[in-house]
Amino acid sequence: MSTFSGKQAAVELTAAERERKWPNVVPRDAATLILIDRAGKKPKVLLGKRHANHKFMPGKFVFPGGRIEAGDRSMTVAGALPAIVEQRLMKRVTRPTASRARALALASIRETFEETGLLIGTKEFGAPDEAPAGPWRDFAAHGVFPTLDRMHFVARAITPPRRPKRFDTRFFAVDAIDVAHKVAGVVTADTELVELVWMGIEETRALDLPAITRAILKELAHRIDLGFAETLPVPFYFERRQVFQREEL
């Protein structure tokens, strides 16, 4: 068990984010993916604008992501998670397993595919022979194997209690060069994400972002400044006694 630092985190919530009027629920496992484009002088990240009619974070710019689905536990991959990533994903969880860690990483890739049309992986080996029914079968039809060996685990955050939805979210990051294929027409005025933008981290301050997304972007910028090594600590955000805490995994 990790030793807690108990330090207050600098997460500035809006008035709406501070509301605690909903019945409390257990957070659901979720994952999100940060794509980083390093082709220019300054790294850029991919963010998507959520549909204005969503009940949860309407109109906010977020990283693509969502909950684990059944197929995420059985989809074949071309490269396994780095050992250090797997180990950290199993910290501070009930009944930790390598299969759960793997499913979280795959969920971030699947959600990115569904929400943006971008496929993270490789075409080197052709299409997988088999894939679970649903989004993963559509993914495989484009001749791409998902790969996990170049994924970084960069943060974890749990939605505060008594919010309309609660997630225990793991934030992964990969380089944009790992996009093996792009499907056009996925983002429209009627989809979950209605707009995609590539922006420098500093420039994202002008966007309407959830408080935790702002915090993760600051963590990401610092991580990049330090060389983006896998061995760097992974921040873990959660609320205790109505105060956000930041610990390290």
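None of the figures in this text is laboratory data; all of them are computed from the coordinates on show. These numbers come from a predicted model, not from an experiment. In this analysis, Cβ positions are derived from the backbone assuming ideal geometry, glycine residues included, and neighbour counts consider all displayed protein chains.
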Amide H partners (placed H, <5 Å) of Val77, local residues excluded: none
How large is the dipole of the chain about the Cα centre if only Lys and Arg carry +1 and Asp and Glu carry -1, each at its Cβ, rounded to the nearest 20 debye? 1100
Quick one: 3J(HN,Hα) in Hz for segment 11-25, Karplus 6.51/-1.76/1.60 with θ = phi - 60°, rounded, Gly and Pro as x. 10, 8, 7, 6, 4, 5, 6, 7, 5, 9, 10, 9, x, 6, 9
Provide the per-residue ³J(HN,Hα) series for segment 78-85, in order, calculated from phi with Karplus coefficients 6.51, -1.76, 1.60 and θ = phi - 60°, each as a whole number of Hz, with x at glycine and proline positions. 8, x, 7, 4, x, 4, 5, 5
Report the gain in length on full extension from Ala80 to Asp138: 0.36 nm times residue separation, minus Cα-Cα distance, nm rounded to one decimal. 18.8 nm
Using Cβ contacts closer than 10 Å as the measure, can you line up Trp198, Trp136 from fewest to most? Trp198, Trp136
Just order 102-110, 82-90, 123-131, 23-31 by mean Cβ neighbour count inside 10 Å, highest at the front, would you? 102-110, 82-90, 23-31, 123-131
Round to the nearest 0.05 the FRET efficiency obtained for Lys182 and Arg28 when R0 = 30 Å and r is the Cβ-Cβ distance. 0.55
The chain: calculated mean residue ellipticity at 222 nm from DSSP helix runs of at least 4, using -39500 (n - 2.57): -6000 deg cm²/dmol
Tally Lys and Arg at +1 and Asp and Glu at -1 over the other residues with C-beta under 15 Å from the C-beta of Ser74: what net charge comes out? +1
I want to make sure I understand the PRE zone here: with the label point 7 angstrom from the Cα of Asp149 toward its beta carbon, which residues in segment 168-197 have backbone N atoms less than 15 Å away? 178
Taking the simple approach of a point 7 Å from Cα along Cα-to-Cβ for both Val243 and Val194, what is their distance in nm? 3.9
R0 = 22 Å: FRET efficiency of Asp208 with Glu19, Cβ-based, nearest 0.05? 0.80
